[in-house]
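Everything below concerns the one structure shown next.
The values are calculated or read from the model by the stated rules, or taken from the named source; none is laboratory data. Remember, it's a predicted structure, so these values are computed and weren't measured experimentally. All Cβ positions, glycine included, derive from the backbone under ideal geometry; neighbour counts span all protein chains shown.
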Amino acid sequence: MRHALSDRLSLSLSDRLALLFFCVTLLAVGAVYVYVAPGLQSRLTGQKLAALAGAARKRSAELRRALGTDTPARHVRELTREAANASGDRVTVLSVNRAVGAVQLSAVTDSTGQAPAALLGSSVARRAAVSGQLQTGVEQAPGGEVAMAALPARYGNATVGWVIVYSAALADVKRTVSTVRHEALVAGAIALALALLAGYAVARALARRVGRLEQAVRQVAGGDFSRRIPVDSGDELGRLAGAFNDMQQQLQQMDLARKKFIATASHELRTPVFSLGGFVELLEDEDLDPETRRRFLDQVRDQVQRLHKLSVDLLDLSRLESGSLELRPEEVDLGELTRSVSGEFEPALAQHDSRLELRLAGGPGAILAQCDPVRVAQIMRILIDNALTHTPKGTQIVVIARRQNGNVNLSVRDDGEGIDPVAQGRIFEPFYTADDAQGSGLGLAIASELADRMAGRLSVTSDAGATTFTLQIPG
Ligand SMILES: Nc1ncnc2c1ncn2[C@@H]1O[C@H](COP(=O)(O)OP(=O)(O)O)[C@@H](O)[C@H]1O
Ligand SMILES: [Mg+2]
């Protein structure tokens, strides 16, 4: 609803910006026209009135004195003309006659020599006669508006007998104001044109930069990560371009990782499938002796088991990465859980000439925590299995369960040959294997993702003769 108009006109960003520039300038010009010009007129008129009042005060002393005494009319006329010459205004002397209750004015003399007919009805002069004070004001005369200052003069100290009026036409004030108005209008028109042009230019430049971003986004959406947007400034758009480049780089890395994952996973699946195909062909031979046939069948069983484990692991990993694997936390006795998982490895331990020592701090029921028992057991199985598969025969394994700083730590330690520091940084990546033992390299990747999901952590410390994996979970 809010954008209905611009949507209907389908204005581009640059059109809108240019229009905005234009409207703001139009408002500014309008404000000058509506407020500044009339203000100027009243200020200029005020100045004119103040100048007239000043002249009346300053230049009338002699004339007032002359009026108060019986000075000949000729002399009064001369003084009036002198006052007019000195101030540059028209000076008129009116006499005040008081009829019953009303004040009437009549002309005595005027510096221009013309009859001051309009002044006889002047309310400014009348106010001065009545109040006995200097009065100023603007009045309408036949030739246009006139500013005037009226100064009363008295008989001695008695009543007001005359009013001396200084007046000047306001035509030049009007002319000045209308010139200013006209010039404001011309300047406004030029400013509007410039605003439209500048707005359009600025907006075009902005739109070009936004357009570049849009193009790059479309390219990334189409799977092309090669083009970086040049970061040409530190402003918001520049920062957006920077952020976009970062995002593009991350997407590229993720895309590479995904492709690598698929390639490795399909390779891992293909190897056992090929080998199975080979054995099936061999088993088709009718002349096989029972001993060889049994050996081949054992191999087939091994490969099927490997495939099964691989497919389960892949599924787990993909569920973990997509976040769709659900945990079912419950109150678990982790001492008991560790004991039972370790128990499962008895046959494997015997085969490997290894011994597993269990150290449970605090006795039965001492290590309780809220967690998913199935997933904790899965992690422990991965760790104990590694301590057996990636170590020489006869390795000793210690499984430790204890509480520390409000967490539960489950550790699996072996005295094997250790993991070299470079490999330590990579063993948690999917498909990474650091030795020749047959494994798909998914175990630790799954274990560490699971630990993350439980708000826990899986860490490793290793040097020759001691490798310890520790699962820390909140408890
Ligand atoms: N206890 C260990 N001792 C030595 N190396 C280990 C140990 N545990 C893991 N590793 C190394 O880490 C790699 C990754 O382990 P994992 O993810 O379980 O994959 P896999 O066991 O399938 O090879 C192993 O290939 C191995 O090189
Ligand atoms: Mg493993």
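Counting only strands (runs of 3 or more DSSP E) wholly contained in the stretch 327-428, the ones carrying 1 or more residues that are among the β-branched types (Val, Ile, Thr) and in contact (Cβ under 8 Å) with a residue 40 or more places away in the chain occupy 330-333, 396-404, 407-414. Here is a check on your reading of the model: is Val374 β-branched (Val, Ile, Thr), under 26 Å from Thr468 (Cβ atoms) and either surrounded by fewer than 18 Cβ atoms within 10 Å (Cβ to Cβ) or modelled with pLDDT of 95 or more (or both)? Against the criterion (β-branched (Val, Ile, Thr), under 26 Å from Thr468 (Cβ atoms) and either surrounded by fewer than 18 Cβ atoms within 10 Å (Cβ to Cβ) or modelled with pLDDT of 95 or more (or both)), Val374 qualifies. Among the residues of the stretch 367-380, some residue qualifies, meaning at least one is within 16 Å of Leu317 (Cβ to Cβ) and either within 14 Å of ligand 1 (Cβ to nearest atom) or touching a Pro at 6+ places or on another chain (Cβ under 7 Å) (or both). The conditions of being more than 16 Å from ligand 2 (Cβ to nearest atom), modelled with pLDDT under 95 and of a type in the set (A, V, I, L, M) are not met by Ala434. When the stretch 456-475 is limited to residues that are at pLDDT below 95 and within 19 Å of Leu334 (Cα to Cα), the one that is surrounded by the fewest Cβ atoms within 10 Å (Cβ to Cβ) turns out to be Pro474.
Going by the structure shown, is Arg126 surrounded by 13 or more Cβ atoms within 10 Å (Cβ to Cβ), more than 30 Å from Gly188 (Cα to Cα), among the basic types (Lys, Arg) and in contact (Cβ under 8 Å) with a residue 40 or more places away in the chain?
Numbers: surrounded by 13 or more Cβ atoms within 10 Å (Cβ to Cβ): yes; more than 30 Å from Gly188 (Cα to Cα): yes; among the basic types (Lys, Arg): yes; in contact (Cβ under 8 Å) with a residue 40 or more places away in the chain: no.
Spelling it out, it is not the case that Arg126 is surrounded by 13 or more Cβ atoms within 10 Å (Cβ to Cβ), more than 30 Å from Gly188 (Cα to Cα), among the basic types (Lys, Arg) and in contact (Cβ under 8 Å) with a residue 40 or more places away in the chain.
When Gly188, Gly161, Gly211 are checked against the criterion of being in a helix (DSSP H, G or I) and crowded, with 17+ Cβ neighbours inside 10 Å, Gly188 stands alone in meeting it.
Give me a count of the residues in the stretch 429-454 that are hydrophobic (A, V, I, L, M, F, W, C) and over 25 Å from Arg359 (Cβ atoms). Walk me through how you get there before you give the answer.
Taking the stretch 429-454 as the starting set, the residues that turn out to be hydrophobic (A, V, I, L, M, F, W, C) are 431, 434, 437, 442, 444-447, 450-451, 454.
Next cut, over 25 Å from Arg359 (Cβ atoms) only: 431, 434, 437, 442, 445-446.
Adding up the residues that qualify gives 6.
Evaluating Val312 against the criteria (1) of a type in the set (A, V, I, L, M); (2) at pLDDT below 90; (3) outside the structural domain of Glu449 (by TED's automatic domain parsing) leaves one unmet condition, (2).
Between Ser340, Ser354, the distinction of being out of contact with any Pro (no Cβ under 8 Å at 6 or more places or on another chain), buried (at least 20 other Cβ atoms within 10 Å of the Cβ) and among the hydroxyl-bearing types (Ser, Thr, Tyr) belongs to Ser354 only. Glu417 meets the conditions (1) within 25 Å of Arg306 (Cα to Cα); (2) surrounded by 14 or more Cβ atoms within 10 Å (Cβ to Cβ); (3) within 16 Å of ligand 2 (Cβ to nearest atom) in every case but one. The failed one is (1).
Yes or no: Ser448 modelled with pLDDT of 95 or more and surrounded by fewer than 21 Cβ atoms within 10 Å (Cβ to Cβ)? So Ser448 does not fit the description; no. Determine the pairs where a residue that is more than 25 Å from Phe431 (Cβ to Cβ), located within the stretch 267-284, has a partner that is at pLDDT below 90 and surrounded by 12 or more Cβ atoms within 10 Å (Cβ to Cβ) with Cβ atoms under 8 Å apart, the partner being 6 or more residues away or on another chain. Filtered contacts from the stretch 267-284: Leu282/Leu288.
In the stretch 416-431, how many residues are near ligand 1 (Cβ under 6 Å from one of its atoms) and either of a type outside the set (Gly, Ala, Ser) or within 38 Å of the chain's Cα centre (by Cα) (or both)? Spell out the reasoning first.
If we filter the stretch 416-431 for residues that are near ligand 1 (Cβ under 6 Å from one of its atoms), which is where we start, we get 416, 419, 427.
This time we only want the ones that are either of a type outside the set (Gly, Ala, Ser) or within 38 Å of the chain's Cα centre (by Cα) (or both), so: 419, 427.
Final tally of qualifying residues: 2.
The set of residues in the stretch 440-452 that are within 13 Å of ligand 2 (Cβ to nearest atom) and either over 11 Å from Asp316 (Cβ atoms) or assigned to a helix (DSSP H, G or I) (or both) comprises Ser440, Gly441, Gly443, Leu444, Ala445, Ile446, Ala447, Ser448.
All of (1) within 7 Å of ligand 1 (Cβ to nearest atom); (2) in a loop (DSSP other than H, G, I, E, B); (3) among the hydrophobic types (A, V, I, L, M, F, W, C) hold for Ala455 with one exception: (1). If we keep just the residues of the stretch 63-97 that are of a type in the set (D, E, K, R) and surrounded by 13 or more Cβ atoms within 10 Å (Cβ to Cβ), which is modelled with the lowest pLDDT? Taking the candidates together, the pick is Arg64.
Scanning the stretch 453-475 for residues that are over 39 Å from the mean Cα position of the chain (by Cα) and either within 15 Å of ligand 2 (Cβ to nearest atom) or in contact (Cβ under 8 Å) with a residue 24 or more places away in the chain (or both) yields a total of 13.
Determine if the stretch 383-399 includes at least one residue that is away from ligand 2 (no atom under 11 Å from the Cβ), within 23 Å of Leu310 (Cβ to Cβ), within 44 Å of the chain's Cα centre (by Cα) and assigned by TED's automatic domain parsing to the domain that holds Leu349. No - not one qualifying residue is present in the stretch 383-399.
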